[in-house]
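The values are calculated or read from the model by the stated rules, or taken from the named source; none is laboratory data. Keep in mind it's a predicted model, so treat the numbers as computed, not measured. Please note: Cβ atoms are built from the backbone with ideal geometry, for glycine as well, and neighbour counts cover all protein chains shown. The accessibility values were calculated without ligands, DNA or RNA, using every heavy atom of the protein model including side chains. Shrake-Rupley method; radii C 1.70, N 1.55, O 1.52, S 1.80 Å.
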Amino acid sequence: MKPHKHPEHTDNIWLALEIGNSRLHWALFVSETLYSVWDTDHLPESVIQQLAACQTLNDLLEKIFPSHQRTNEQEGYGDNSLPLFASLPPLLVASVVPSQTAIWQSYPNISVITLDQIPLKGVYPTLGIDRALALWGAGKIWGFPILVIDAGTALTFTAADANECLVGGAILPGLGLQFATLGQQTGQLPLVEMQNFLSLPIRFALNTTAAIQSGVIYTILAGIKDFIEAWWQLFPNGKIAIKGGDGTLLINYLQALYPEIADSLIVEQNLIFWGMREITKLL
């Protein structure tokens, strides 16, 4: 968890939880102030059921972060670092995994955000709640029109115009998913681990692993560049925000190839949490 400051008004504390395809993304708010953020793996149903019996926020954090599993980033949030509460704080949930959403219903004082609660205009029924919230959060902070790029398990583009109306977007497999698919769905190609490279690969490769790196990375970067240029044709003054686990890596690549594009991006990992904060003002 990354601290902001010690909460003073304990009655205004609430938790935000984004249930993603790969992990759980958490935020602790003090009123409208983001106090800390952290990630965990998906929790087993048995652990989630135990959370309902917790009496304080510290008890809950102990369940989420058993002592033997804590990382250095999570240290310092033990029994003495947060105030005790008479009851568990409210939990606001946004989920793209229905099976996970269902098992969180045992948590007391839970609210699950639905698409119709987000004031974006022109949305279609199957628009992902994560895409809608990130777009709404980005627009409310930096203004509309805005394009949000989410470089996670999937690479998504989602945009809204100056009237806060959905322009549309696109979805394709993210970096890790593309590498995994080639490694798992072919008989001869190796599984390429993303951790093995940080700088841009050679474009015209002379071995199979480097050829996979080149093909995936350069086509993704070309696609991002193409979408951004198309966005600017529609909205010359439109802003662009990027988030997601692969965001930093992609920005580094873009900086090397297209520095003018990289320099124009707003980098903000907490867009969904900002969107959730905006929704709390309407509930």
Contour minus Cα-Cα distance for Y124 and I266 (0.36 nm per residue): 48.5 nm
Could you tell me what percent of the accessible area of the chain is made up of carbon and sulfur, with a 1.4 Å probe and every protein chain present? 52 percent
Under the 7 Å Cα-to-Cβ spin-label approximation, A210 and L189 lie apart by a distance in nanometres of 1.8 nm
Residues E229 and A162, FRET efficiency given R0 of 22 Å [Cβ-Cβ distance, rounded to 0.05]: 0.70
Solvent-accessible heavy-atom area per residue, rounded to whole Å², over the stretch 199-274 at 1.4 Å: 49 Å²
Span-rule helices in the chain, defined as complete DSSP H runs reaching 27 Å or more along the axis (Cα) with Kyte mean at least 1.0: none
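Among bridges DSSP assigns within the stretch 134-240, what percent are antiparallel (round to 5)? Walk me through the numbers on the way to the answer.
Working: 13 of 15 bridges.
Among the beta bridges of the stretch 134-240, antiparallel pairing accounts for roughly 85 percent.
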For the chain, whose charge dipole is built from +1 on Lys and Arg Cβ atoms and -1 on Asp and Glu Cβ atoms, the candidate among A102, S31, L250 with its Cα farthest towards the positive end is L250
Stretch gain in nm, segment L177-S31, where the contour uses 0.36 nm per residue and the Cα spacing is subtracted: 48.9 nm
L282 and Q255 label points (each 7 Å along its Cα→Cβ direction) are spaced in nm at 3.6 nm
Placing unit charges on C-beta atoms (Lys and Arg positive, Asp and Glu negative, everything else neutral), compute the dipole magnitude of the chain about its Cα centre in debye, rounded to 20. 340 debye
Test of the criteria: in the stretch 162-221, which chymotrypsin sites (Phe, Trp or Tyr not before Pro) are in a DSSP loop and have at most 13 other Cβ atoms within 10 angstrom of their Cβ? F204
